[in-house]
Amino acid sequence: MEILKTFDDFEQSALAAIRAANTSELLEAARIEYMGQKNGRIRELQKLVGQATPDLKPQVGKRFNEVRTAVSDALDQQQLAVQAQVRKAAMDFDVTLPGELPRLGKLHPITQTIAQFRELMGRFGFMVTEGPELEDEHHNFQALNIPEDHPARDPLDNFYVACATVAAGTPVLLRSQTSTVQIRTMEKTKPPVRIVSLGRVYRPDAIDATHSCMFHQMEGLMVDRHVTMAQLKTVLSLFARSFLGPDVEIRFRPSFFPFTEPSVEVDMKWGNSWMEIGGAGMVDPNVFAAVGYDPSEVSGFAFGLGIERFCMKHYGVDDIRRFYENDVRFLSQF
Ligand code: PHE
């Protein structure tokens, strides 16, 4: 009989597909194809039962039920088999094999140094603050007593950022020094102030073993009544010795910065010669005036140190460029 043949074909192909389905995804696909509620092929068989003549109906109906039961039993069985296989695969590994160690990353040496600096200066009572790397001329120059015609403002010595300038409607540059944070701090805090700020600065310098166009500075600022140059020298010497050891030699050379008076340059003994590690001085009265402090009431010192250079001395690295080449063989030593 034609109908029964259709049933047989359905049963055979369904059972074959189910047995071949060795993952739960394949098994689910087979279930939907043959037994799916909406469009499963079983629906067509059901229609045939409906269309059968009354005399054939009992026989056809019985066969339909058999086929349906057989296929759904096969589905259940195969599902158990697939699950068992998954469980077995999960157990089936050799626990005595040596494990694979993940390669652990670590903090960049500069980041580690910054963390140590913060911690050290924290112990001297300096709070950590931060400022933006994109700055306006007011914070990078004007309030720091660097007038408009000063050579430090030369576009060739700074990274002016064209699109940011357009957006802000006023010149914007990558800060060339962290002294910007002195201004930002004093603008929003009343004295006394004792802060450090550590971060990136940018200068279009020729790149060599000790210069990079991006490097890190630690800015320090202390303002109170009767702050003296002696305190500045003490803090810097103590800091250098705490970080590099009691034998480190530091010297102060008279110098000039628009925002400090008097000013010094700070050098560190480097082999047989000296290396400049930063500048410092007593905050210029003009700077106090720019932030609304009364220069006859308060005095203060400020310093800016190059973090890379400390780091080079500390770890014995002779070329600043090594820090930024992302060579894992270099970086993993720290
Ligand atoms: N801002 C100076 C520089 O980048 C360093 C400095 C900071 C000097 C604070 C004096 C006081 O060279």
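Some observations on this one:
- Filter result (out of contact with any helix residue (DSSP H, G or I) (no Cβ under 9 Å at 6 or more places or on another chain) and not in a strand (DSSP E or B)) within segment 250-275: GLY271, ASN272
- Within segment 164-194, the residues that satisfy the criterion of being away from the ligand (no atom under 14 Å from the Cβ) and of a type in the set (S, T, N, Q) are THR165, THR170, THR189.
- Only one of THR180, THR185, THR113 that is among the β-branched types (Val, Ile, Thr) and touching a Cys at 6+ places or on another chain (Cβ under 7 Å): THR113
- Hits in segment 29-53 (condition: open to solvent by 80 Å² or more (accessible area, probe 1.4 Å) and farther than 18 Å from GLU2 by Cβ): ARG31, ILE32, GLU33, GLN37, LYS38, ASN39
- In a residue-by-residue description of segment 211-230, the property of being free of Cβ contacts under 8 Å to residues at least 60 places away in the same chain and basic (Lys, Arg) applies to no position.
- Being open to solvent by 20 Å² or more (accessible area, probe 1.4 Å), modelled with pLDDT of 95 or more and within 11 Å of the ligand (Cβ to nearest atom) holds for only one residue in SER255, SER263, SER197, and it is SER255.
- Considering residues of segment 268-291 that are within 13 Å of the ligand (Cβ to nearest atom) and farther than 18 Å from MET222 by Cα only, the residue most open to solvent (accessible area, probe 1.4 Å): GLU276
- Of the residues in segment 179-186, at least one is of a type outside the set (Ser, Thr, Tyr) and open to solvent by 60 Å² or more (accessible area, probe 1.4 Å).
- When we screen ASP149, ASP154 for residues that are acidic (Asp, Glu), open to solvent by 50 Å² or more (accessible area, probe 1.4 Å) and under 19 Å from ALA290 (Cα atoms), the only hit is ASP149.
- Reported count of residues in segment 88-134, each being open to solvent by less than 100 Å² (accessible area, probe 1.4 Å), in contact (Cβ under 8 Å) with a residue 24 or more places away in the chain and in a loop (DSSP other than H, G, I, E, B), is 7.
- LEU244 being under 28 Å from THR111 (Cα atoms), away from the ligand (no atom under 16 Å from the Cβ) and in contact with a His (Cβ under 8 Å, 6 or more places away or on another chain): yes
- Candidate set from segment 233-271 (those that are more than 35 Å from the chain's Cα centre (by Cα) and small (Gly, Ala, Ser)); member that is nearest to ALA289 (Cα to Cα): SER263
- Scanning segment 59-87 for residues that are among the small types (Gly, Ala, Ser) and touching a residue at least 12 places away in the same chain (Cβ under 8 Å) returns GLY61, ALA70, SER72, ALA74.
- Failed criterion for PHE303 (all others in (1) part of a strand (DSSP E or B); (2) more than 18 Å from ILE183 (Cβ to Cβ) hold): (2)
The values are calculated or read from the model by the stated rules, or taken from the named source; none is laboratory data. Everything numeric in this text was worked out from a predicted model, so none of it was measured. Positions of Cβ are generated from backbone atoms using ideal geometry, with glycine treated the same way; all protein chains shown enter the neighbour counts. Only protein heavy atoms, including side chains, enter the accessible area calculation; ligands, DNA and RNA are left aside. Shrake-Rupley method; radii C 1.70, N 1.55, O 1.52, S 1.80 Å.
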